[in-house]
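So the structure is just underneath, and the comments pick up after that.
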Amino acid sequence: MNCSGCSPIYPIEDQGTLYLRPFSPMLLEALQTQGMSIEHSDHYIWVHFDNVDMLQSDLEKIGRLDPSVLETISFQVRAMREQADQEDWISLGLLENRFKHADMVSIILEKKFSSHMQPIVDASQQIIGYEFLLRPAENGRTFNAYELFEIARDTGLHSFLDRTARISAIETSSVFLPQGIKRFVNFLPSSIYNPEYCLTHTFEVIERLGLDPKDFVFEVVETEPIKHMDALQHIFQVYRNHGMSVALDDVGAGFSTIELMNRLEPDFVKIDRSLIDHCDDDPVKQQKIIHIVEMSRRFGGQVLAEGVERIEEFNFCCSAGIELAQGYYFGKPSAQPPTYSN
């Protein structure tokens, strides 16, 4: 089976063909009225372009059509002499956004990024694992990871980016980390339409590289409310069925509420940095942290404090029963572990 999120993504070439579907005599006539040189079959209408400027000009003409007509049309751009296929049909808005953010789209499609590692320690400050974070490729164009994912969402590429970022993290971990070290890898639940299919790429890479599934913790990162709780619980179950653990990020802030934590019952509970910041001298934060720890114990979740920058914060977290910690106090994200040597 296949799904739109796992379909191949085609970059916009200098020469190629713009396909439109579905074919209709009304759409054909409307395009001809715009003075476009078009061809068609029973299924598609298409127009060839010799450069990107010509393609953009054609899109501007198409954009003049009646909005009710535009809502029914989907688009695909293919290289010269390549036929349209059944996948990667997108709206005019998504296609226009890919032009608007062409530089960032090229980072996504050409995978011009790397995975950096930030250490995670236990109560004795021994490194037990690393979280993998998306960063620019060496000597590549700089970007903000949050912005890159937002642009990916606006251009219909967030499933592609989420998948390739996961694979990058797994491959990087195989180079630097020995068996037994945890690897925390982020994922967007909204990018996974059918976990049995969409996650096969992830599981196949782990198997191909001979890595231990027990070393992997897949961490929910979301920038909007979880709308389909059953779907997320299903994703968690698929990860667990393959011998992996799951984590909920940013608990206590934003959309990662304590109620969400209690419903999902993740293996790892990561307390948001906003609660950890100067928690040693803030009684309100202390009570919230202690409450999260107590709730987590009810379902056996290990608690991790994010954003620890001071020893005083770490000491309070340990006294509150938090088992793991992460933050600049222990190390910033880096291209390789601090203990690694060739």
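Read the figures in this text as sums done on the coordinates, not as results from a lab. Bear in mind that the values here come from a model prediction, so they are computed numbers and not experimental data. Every residue, glycine among them, receives a Cβ derived from its backbone with ideal geometry; neighbour counts consider all protein chains shown.
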With +1 assigned to the C-beta of every Lys and Arg and -1 to the C-beta of every Asp and Glu, and no other charges, what is the dipole magnitude of the range 107-326 about the Cα centre in debye, to the nearest 20? 480 debye
Projected area averaged over all directions for the convex hull of the alpha carbon atoms of the range 190-282, nm², comes out at 6.9 nm²
Any trypsin sites (Lys or Arg not before Pro) in the range 134-203 that lie in a DSSP loop and have at most 13 other Cβ atoms within 10 Å would be Arg141
Cα axis of helix 145-154 to longest principal axis of the chain: angle in degrees, 0 to 90, nearest 10? 40 degrees
Among Phe314, Tyr146, Ile127, pick out the residue whose Cα is farthest towards the positive end of the charge dipole of the chain, where Lys and Arg carry +1 and Asp and Glu carry -1 on C-beta, about the Cα centre. Ile127
If you add up the charges near Glu313, with Lys and Arg at +1 and Asp and Glu at -1, over every other residue whose beta carbon is less than 9 angstrom from its beta carbon, what do you get? -3
Of Leu65, Leu55, Leu161, which is the most mobile in a GNM of the chain whose springs link Cα atoms less than 10 angstrom apart? Leu65
Considering the options Gly210, His40, Ser68, tell which one lies farthest towards the positive end of the dipole of the chain, charges being +1 on Lys and Arg and -1 on Asp and Glu at the Cβ, about the Cα centre. Gly210
Could you give the size of the charge dipole of the range 237-296 about its Cα centre, using +1 on the Cβ of each K and R and -1 on the Cβ of each D and E, expressed in debye and rounded to the nearest 20? 240 debye
Kirkwood hydrodynamic radius, the chain, all distinct C-alpha pairs: what's the number in Å? 22.3 Å
Ranked by GNM mean-square fluctuation in the chain (Cα springs under 10 Å), the top entry among Gln286, Gln76, Gln32 is Gln32
Rank these for me by crowding, Asp53, Asp230, Asp85, going from fewest to most other beta carbons within 10 Å. Asp230, Asp53, Asp85
Kindly put Leu188, Leu211 in sequence by how many other C-beta atoms sit within 10 Å of each C-beta, fewest to most. Leu211, Leu188
Restricting to the range 107-326, what percent of DSSP beta bridges are antiparallel, rounded to 5? 35 percent
If you rank Tyr146, Tyr44 by fewest surrounding Cβ atoms within 10 Å, what's the result? Tyr146, Tyr44
From the cross-link list Lys112/Lys214; Lys182/Lys270; Lys214/Lys270; Lys61/Lys100; Lys111/Lys270, which pairs have alpha carbons spaced over 23 Å apart? Lys112/Lys214; Lys111/Lys270
